Amino acid sequence: MLKTGPVRALGAMSGTSLDGVDAAVLVTDGHEIFEFGETAYRPYSPTDRMILRGALGRWPGDPGVAAAAEIVEEAHMACLEGIEAELIGFHGQTLAHDPAGRGTHQAGDGQVLADYLGLPVVWDFRSADVRLGGQGAPLAPFYHFALARHIGATEPVAFLNLGGVGNLTWIDPTKPKPDADGALLAFDTGPANAPMDDFCAARLGRDRDEGGALARRGTVDEAVLDRFTSQAFFYRMPPKSLDRNDFDWLTEAVADLSDADALATLAGCAAAGVVTGLDHCPSPPERLLVTGGGRHNATLMRMIAAGADCPVEPVEAVGLDGDMMEAQAFAFLAVRVARGLPTSAPGTTGVAAAVGGGSMGRPATASRASTAG
Ligand SMILES: Nc1ncnc2c1ncn2[C@@H]1O[C@H](COP(=O)(O)OP(=O)(O)OP(=O)(O)O)[C@@H](O)[C@H]1O
Ligand SMILES: CC(=O)N[C@H]1[C@@H]2OC[C@@H](O2)[C@@H](O)[C@@H]1O[C@H](C)C(=O)O
């Protein structure tokens, strides 16, 4: 059993942009945030990225998946080793996500990490939610609820994560708990950085459009934007989620445009997903706090701000770390799972009732770093 009171939890996230592993310590009891701790990052090598990219859309049983899982496990061992913690929350790498069909799959075995690191590891956070009819994503919203209270919000606020995919959480901080009726509404907004990154890799041999500099010089292609915003996904009521490559056709759609126009168009599409998403919120948020790598893309940020009816700011404006929020979220969720608390609710994933996901891997031998009782 996990001791009562605050726990020093270590969360690890390998996101859809496939850049690397983010890790962050959070001291929490699964309700309140007591302290933000040490952080770490370990990038994937270009070869690792190529193998992970090749495994996207594949399911367990496919040989590509086993190779990807090994890369994910090794990167996490190297990133997490030596960080002092009592419990680990390990998200893994989403390779395929089809909640209405085959389910959801995050590569990497939490038991392997538990044995190597000598610490209890909570993992496979999404499957239970999907089994109960939920989207299995997004899962950060319960953490966003704790953050909204931590920053002292008294009016509804929203967090927007701009990763490979975008996701938005609207929060009413006056509700007593995240699974209370009307406390949260969350959903994926659409593709965010993934199509821009893929374009940069394929056409320019670069990882990304640094700061959105190229997109700033281009013009949005209105025909592509119209086709994008007319997709059924944007008319569906939330909660709703996406797989990284669900909007793959965008690559083809911008193929004949100049580099700058293509990137402006892809940024315009990502922004339009967010702006139409804001219309789904139960009430306009007081502010939109942006996390994830896309907050460094000034063109994307400007396009979102132009369409939003509230201030749009990076989470640093309220003293939070926009590079580590997802890793912190999985530290927070691990503590909730270990304590039998729910991690998703009808308003966050569309699941039938509030549910706690996650499997617990216990180490064969305890680590010297472990102080969990
Ligand atoms: N300086 C920058 N300029 C432009 N874009 C940037 C910059 N820094 C990061 N990004 C973008 O942010 C992406 C990484 O964001 P992040 O690490 O939040 O994604 P992720 O966590 O992997 O994805 P997800 O949240 O979908 O799981 C990069 O792939 C890049 O496109
Ligand atoms: C299936 C999956 O891995 N989804 C990710 C992805 O990346 C962003 C968005 O799509 C979000 O829904 C989710 O990640 C964050 C951490 C979440 O669950 O909140």
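Every read-out reported here was derived from the displayed coordinates using simple, explicitly stated rules and does not represent laboratory data. For clarity, every value in this text was computed on a predicted model and none was experimentally measured. Using ideal geometry, Cβ is built from the backbone for each residue, glycine included, and neighbour counts are taken over all protein chains shown.
Given R₀ = 45 Å, FRET efficiency for Thr4-Met237 by Cβ-Cβ distance, to 0.05?
Efficiency for this residue pair is about 0.70.
Would you look at the GNM of the chain, springs on alpha carbons closer than 10 Å, and say which of Asn167, Asn245, Asn193 moves the most?
The residue that fluctuates most here is Asn245.
What's the extension gain from Arg131 to Trp249 if we count 0.36 nm per residue and subtract their Cα-Cα distance?
Stretched fully, the Arg131-Trp249 segment lengthens by 39.6 nm.
Report the antiparallel proportion of the DSSP beta bridges in the chain as a percent, rounded to a multiple of 5.
Values: 38 of 52 bridges.
Within the chain, antiparallel bridges account for around 75 percent of the total.
Let me have the 222 nm mean residue ellipticity of the chain computed from DSSP H runs of 4+ only, each contributing -39500 (n - 2.57), with the sum over all residues rounded to the nearest 500.
One gets -9500 deg cm²/dmol as the mean residue ellipticity at 222 nm.
Counting only DSSP beta bridges with both residues in region 152-318, what percent are antiparallel, rounded to the nearest 5?
Roughly 65 percent of the beta bridges in region 152-318 run antiparallel, per DSSP.
For the chain, modelled as a GNM with alpha-carbon contacts under 10 angstrom, which of Thr39, Thr343, Thr251 fluctuates the most?
Judging by the Gaussian network model, the answer is Thr251.
With the Cα gyration tensor of region 152-318 in hand, convert its eigenvalues to equivalent ellipsoid semi-axes via √(5λ) and list them largest first in whole Å.
Over the Cα atoms of region 152-318, the semi-axes work out to 28, 16, 13 Å.
Which distance in nm do the two modelled labels at Gln111 and Ile51 give, with both placed 7 Å along the Cα-to-Cβ direction?
Using points 7 Å along Cα→Cβ, the separation is 2.2 nm.
Largest first and in whole Å, what are the equivalent-ellipsoid semi-axes of the chain based on the Cα gyration tensor, each being the root of 5 times an eigenvalue?
They are 31, 24, 18 Å, listed largest first.
Over region 1-71, what relative contact order in percent results from Cα pairs under 8 Å that are six or more residues apart?
22 percent
For the chain, what's the relative contact order in percent, using C-alpha pairs closer than 8 Å and at least 6 residues apart? Please report the intermediate quantities before stating the final value.
Numbers: 878 pairs, mean separation 91.8, N = 373.
Computed over the chain, the figure is 25 percent.
Under a plain spin-label model, where a point goes 7 Å from the Cα along Cα-to-Cβ, how far apart in nm are Asp309 and Ala180?
Taking the two extended label points, one gets 2.5 nm.
What does the net charge come to around Ala260 if you take all other residues with beta carbon closer than 10 Å to its beta carbon, with K and R at +1 and D and E at -1?
My count for the surroundings of Ala260 gives -1.
How far apart, in nanometres, would the label points at Ala201 and Asp62 be if each is projected 7 angstrom from Cα along the Cα-to-Cβ direction?
Distance between label points: 1.4 nm.
Report the net charge of residues surrounding Leu214, where surrounding means a beta-carbon distance below 12 angstrom and charges are Lys +1, Arg +1, Asp -1, Glu -1.
+1
Counting other C-beta atoms within 10 Å, and keeping those with at most 13, which DSSP coil trypsin sites (Lys or Arg not before Pro) do you find in region 14-108?
Those that pass, being in a loop and sparsely packed, are Arg102.
Can you pull the Rg over Rh of region 283-334, Cα-only, Kirkwood?
Radius of gyration over Kirkwood radius for region 283-334 works out to 1.02.
Looking at the square roots a ≥ b ≥ c of the eigenvalues of the Cα gyration tensor of region 131-199, which shape do they give, rounded for a/c under 1.5, prolate if a/b is larger than b/c, or oblate?
oblate
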